[in-house]
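The values are calculated or read from the model by the stated rules, or taken from the named source; none is laboratory data. Quantities reported herein were computed from a predicted structural model and do not represent experimental measurements. We place every Cβ from the backbone using ideal geometry, glycine too, and count neighbours over all the protein chains shown.
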Amino acid sequence: MKRYAICGFSARAIAQYVVPLIGVPGLTEYGDFSQYGKVVAALDIDTERIKIFNQRQKTIIPAYLPEEFEKMIKETKPDALIVAGADYTHAEYTIAGLKHDLDVIVEKPMTITGKQAKQVIDAEKKSKGRVIVAFNYRYTPAHKYIKKLILDGALGKITNIEFVYNLDTFHGASYFKRWNRSRKFSGGLSVHKSCHHFDLINWLIDDIPETVFAFGALNYFGPNSPFNPQKKSKRRLNNEEVQKRCPYYLKWEGETIPLPEPASLKVIKDTFFLPYKIQYPKELNYYDEDIDIEDTYSVVVRYKSGASMTYSFNASTPWEGYILGINGTGGRIETMHINTSSDRCPFPKPERQTVTYIPLFGTRQVHDIPVVPGGHGGSDHVIKHDIFVSPTEESKKLGLCAGSIEGAYAVAMGEAVWMSAKKGVPFKIKDILK
C-alpha cells in the first residue's frame, strides 16, 4: 500500500485525494481507493483545517507547517507526494519531493512560471521519482472521443483550432475574491485556468506550441470595474456596503458551489467546510486595489507543425462552458459544452453533449456522448484510477497521463499569454522555458 503525503490541504485536495484514500461514509461518489494507498501526513499553512478534519472524520493525519517539510518526510516516510495547495507552492514542493526520490502528483498548474517548470524538469532528471500532472480535462468522455477520431485520421493534417472558453458570473467572479487574483500566487488566470485548455489542445492535436501572441485586459473586476460601487460613492465603502451595491453579490447572494449528491448536507459540511484562518485574515471583494491579473484574453498560438489556434477566454459571461472547433484537410470536428449548473444557466441547459464530425466532402455525423457522473464531467474518478491503481489500457492508448514536459508547455503558454498582453509582442515558448 502506497503512502501519500499531502502538500496543501485545499478543498480540491480533500475531494480528489484525501476522501478517496480514507473512504468517507456518505461520500461514495468520490470513490474508495483506500485499499491502494493511505494518507500519512498533510502540510498546510492553516494546520487548523487538518486538525478539524481529523476531529470530524476520526482520522489521525499528522499536520505539518510549510517550514516542517523535511520533518514531515523524515517522520512519516511517504512514498509519494500529492501537491494540491495554492499554485505558487507547487514548484517548491514538487522539487523538494523529487530530491527525496519521491513520485509527485501535482494539480494543475504544475508551476506558475516557465522558469519554475524548467527547474522541475531538471530536478526530475536527477531523481528516481516521476511527476504526474493531474490534467483531468483530458479524461472527459467527449475529449477522449475527439482524440480517437483524430487518431483514426478523421481530420487528416490539422490546420487550425477555434476555442472559446467562458466562465459565468458566479464561478468567474469567485477567482477575484480568492488568492487567484494575485499574479504572484497564481500566475494569473492564463496560467491557473487556461493551462487546462492549452494542455487539452496540445494533447488532442499532439503538437508542440512555438509562438504565442495575445491581448488581455481587466474589464470586469478590480478598482476600475464599471460595476464597482465605490466609483459612484463620495465616501469610502466597507465590504458590507460594497456587497449591497454589487451586481455579482446581489445575483448570487447565498449561493454555494454545488457539491455532488446524494451525500447529506452534514457530511458535506463536515468534510469540506473548514476554516482558512491564516490565508484569508480579512474579507476580500471583487474591486480591491491589489487585483493585478486579467479577466479577458484573445490569443493566437502557432504550433510546430504549422497549425494555429485562436483562443478566447472570458471570466464574466452569462453562461459557462466552451465552443471548440478543430479543422483539418480531412474535415472538421466541433463540440459545445455548457458547464453551468442548471440552476445558474439563463436558458434550458442541454442534457447531453454531442461531438460533430463533418468530412470535407461528406455528410455530417453527430455523435451523442454519454453523460458520466462525477466531478469535471466524470473525469475525476477515471484519473484517480490512473494515479492510485495503474493506467488503464485506454489511458495508455490515448496518452492520457501527463508528465512534467506537458505540464511545462501548458504553463509556458499561460505565461506567454499574459506577458504578450502586457508587452504587446509575441513570445516564443522556448524563450519562456530556456
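Residue-wise test of (1) hydroxyl-bearing (Ser, Thr, Tyr); (2) more than 22 Å from the chain's Cα centre (by Cα); (3) part of a strand (DSSP E or B).
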{"position": "Thr94", "(1), (2), (3)": "yes, no, no"}
{"position": "Gly156", "(1), (2), (3)": "no, yes, no"}
{"position": "Leu167", "(1), (2), (3)": "no, no, yes"}
{"position": "Gly172", "(1), (2), (3)": "no, no, no"}
### Query
In region 30-59, what residues are under 9 Å from Phe9 (Cα atoms), among the charged types (D, E, K, R) and either part of a helix (DSSP H, G or I) or modelled with pLDDT of 95 or more (or both)?
Asp44, Arg49
### Message
Return the residues of region 108-143 that are assigned to a loop (DSSP other than H, G, I, E, B) and more than 12 Å from His90 (Cα to Cα); say none if nothing qualifies.
### Response
Lys126, Ser127, Lys128, Gly129, Arg130, Phe135, Thr140
### Summary
The one condition Lys349 fails out of (1) farther than 30 Å from Ile22 by Cβ; (2) in contact with a helix residue (DSSP H, G or I) (Cβ under 9 Å, 6 or more places away or on another chain) is (2)
### Task
Quickly run through region 350-403 and pick out the residues that are basic (Lys, Arg), modelled with pLDDT under 95 and assigned to a helix (DSSP H, G or I).
Lys384
### Task
Give region 65-79 a look and list any residue that's surrounded by 20 or more Cβ atoms within 10 Å (Cβ to Cβ) and closer than 22 Å to Val24 by Cβ, or say none.
Pro78
### Query
touching a residue at least 24 places away in the same chain (Cβ under 8 Å), surrounded by fewer than 21 Cβ atoms within 10 Å (Cβ to Cβ) and closer than 21 Å to Pro275 by Cβ, is that true of Ile52?
yes
### Query
Could you say whether any residue in region 382-394 is among the basic types (Lys, Arg), touching a residue at least 12 places away in the same chain (Cβ under 8 Å) and buried (at least 22 other Cβ atoms within 10 Å of the Cβ)?
yes
### Summary
Cβ pairs under 6 Å, 6+ apart or interchain, first in region 1-20 and farther than 18 Å from His381 by Cα and touching a residue at least 24 places away in the same chain (Cβ under 8 Å), second aromatic (Phe, Trp, Tyr) and buried (at least 19 other Cβ atoms within 10 Å of the Cβ), ordered by first then second residue, are Cys7/Tyr93
### Task
May I ask you to verify whether Glu415 is within 19 Å of the chain's Cα centre (by Cα), outside any loop (DSSP other than H, G, I, E, B) and among the charged types (D, E, K, R)?
yes
